[in-house]
1. Distance in nm between label sites at Arg84 and Lys15, each 7 Å beyond Cα in the beta-carbon direction?
2. How far apart, in nanometres, would the label points at Ser23 and Gln103 be if each is projected 7 angstrom from Cα along the Cα-to-Cβ direction?
3. What spacing in nm lies between the two simple spin-label points modelled at Tyr37 and Met127, each 7 Å away from Cα in the Cβ direction?
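What follows draws every value from the coordinates through simple rules; no lab data is involved. Because the structure is a prediction, the values reported are computed rather than measured. Counting neighbours? That spans all protein chains shown, and the Cβs are built from the backbone with ideal geometry, glycine included.
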Amino acid sequence: MNENLSGTDITAANKNQPSGDNSGAQALADVIATNTYTIDSGGQTVTLKNYLQSLVGQIGVNAQSANQFTSNTQTMLDAAQNRRSSISGVSLDEELTNMIQFQHSYGAAAKVVTTLDTLLDTLINRMGG
């Protein structure tokens, strides 16, 4: 860095213009908006401003596409997990139905045993006496 530079040496003004004139800075900014360049191998010439706008737009489209892809993938994953759960999972309604059925079967078996007990009691006590 040159220590001999002063504030008047650093200016955005063109030569022979007053110090507050920003015509040099404006000319530099216009390079982005007016000069054309061949950016891609397609041979098409564009300004830097248009190219940057196009690039930012393309980045936005790619980001939206990636978000949509993520959403679709998550939906497919959820559907696959739900399908797997429906096949291999336990149905609480089915288990409750089976439990009630087994409870009734147990109750019926208990009545049979009680009936046999009563029958044997009757046969043994009345036949023996």
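1. 7.5 nm
2. It is 9.8 nm.
3. Calculated label separation equals 11.4 nm.
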